[in-house]
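Enquirer: So that we are looking at the same thing, I have put the structure below in structure tokens.
The values are calculated or read from the model by the stated rules, or taken from the named source; none is laboratory data. Small disclaimer: the values here were computed from a predicted structure and weren't measured. Note that each Cβ is placed from the backbone with ideal geometry, even for glycine, and that neighbours are counted across all protein chains shown. These area figures cover heavy atoms from the full protein model, side chains too; ligands, DNA and RNA do not enter into them. Shrake-Rupley method; radii C 1.70, N 1.55, O 1.52, S 1.80 Å.
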Amino acid sequence: MLTLEEFDKVETRVGTIVGAKLNKRARVPAYGLKIDFGELGVKSSSAQITDLYSVEELVGKQVIAVMNFAPIRIADVKSEVRVLGAETSAGCVLLTPERKVVNGSKIF
């Protein structure tokens with residue numbers, strides 16, 4: 001089990017998707033995303049969310065992401081943040097704030 005101190009080290013923030021395109025070389029279908037985290041800048045991510053979301057509906061959507069994992073390369077995308085979602089039988093459902101918030105807002 002994680003301690004509260006360990007959990008508190010995970011930095012989660014809100015950002016707005018400003019760009020999305022198919023990550024064509026990913027082994028599992030995924031989108032390459034550009035996400036604006038306000039003062040923290042625009043970060044890239046690869047997300048396996050093609051079952052439930054189109055590119056068009058992703059742009060402008062606020063999402064929650066983990067900011068402080070080490071970046072990894074997923075096919076053509078350097079994934080700097082990990083977008084959070086809930087696994088369902090239909091695909092991944094993105095976690096989003098219930099109301100619009102400032103990009104970069106900390107989740108706690």
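Enquirer: Counting only pairs 8 or more residues apart or on different chains, how many lysine pairs in the chain have their Cα atoms under 15 Å apart?
Expert: 12
Enquirer: Run the numbers on the range 9-63 and let me know its relative contact order in percent, using alpha-carbon pairs under 8 Å that are six or more apart.
Expert: 39 percent
Enquirer: Relative contact order for the range 42-108: what is it in percent, counting Cα pairs under 8 Å that are at least 6 residues apart?
Expert: Dividing the mean separation by the residue count of the range 42-108 yields 37 percent.
Enquirer: For the chain, with all protein chains present and a 1.4 Å probe, just round the carbon and sulfur fraction of the accessible area to a whole percent.
Expert: Looking at the chain in its full context, I get 54 percent from C and S.
Enquirer: Using 1/(1 + (r/R0)^6) with R0 = 25 angstrom and r between the beta carbons of Val10 and Lys61, what's the FRET efficiency to the nearest 0.05?
Expert: 0.70
Enquirer: What residue among Leu22, Leu58, Leu40 shows peak mean-square fluctuation when the chain is described by a Gaussian network model with Cα springs under 10 Å?
Expert: Of Leu22, Leu58, Leu40, the Gaussian network model singles out Leu40 as fluctuating most.
Enquirer: Determine the calculated [θ] at 222 nm for the chain from helices alone, applying -39500 (n - 2.57) to every DSSP H run no shorter than 4 residues and normalising by the residue count; nearest 500 deg cm²/dmol.
Expert: After summing the helix terms and dividing by residue count, I get -1500 deg cm²/dmol.
Enquirer: Cut-off 12 Å, label point 7 angstrom out along Cα-to-Cβ of Asp51: give me the residues of the range 69-108 whose amide nitrogen falls inside.
Expert: Under 12 Å, as judged by backbone N against the label point of Asp51, lie 86-94 of the range 69-108.
Enquirer: To the nearest 20 Debye, how big is the dipole of the range 9-108 about its Cα centre, given +1 on the beta carbon of each Lys and Arg and -1 on that of each Asp and Glu?
Expert: 280 debye
Enquirer: Enumerate the calculated ³J(HN,Hα) couplings along the range 93-108 in order (Karplus 6.51 cos²θ - 1.76 cosθ + 1.60, θ = phi - 60°), each rounded to whole Hz, writing x wherever the residue is Gly or Pro.
Expert: My calculation for the range 93-108 gives 9, 5, 7, 9, x, 5, 9, 5, 10, 5, 4, x, 4, 7, 8, 9 Hz in order.
Enquirer: Another one. At 1.4 Å probe size, with every protein chain present, just tell me what the per residue accessible area of the chain comes to in Å².
Expert: In whole numbers, the chain has 66 Å² accessible per residue.
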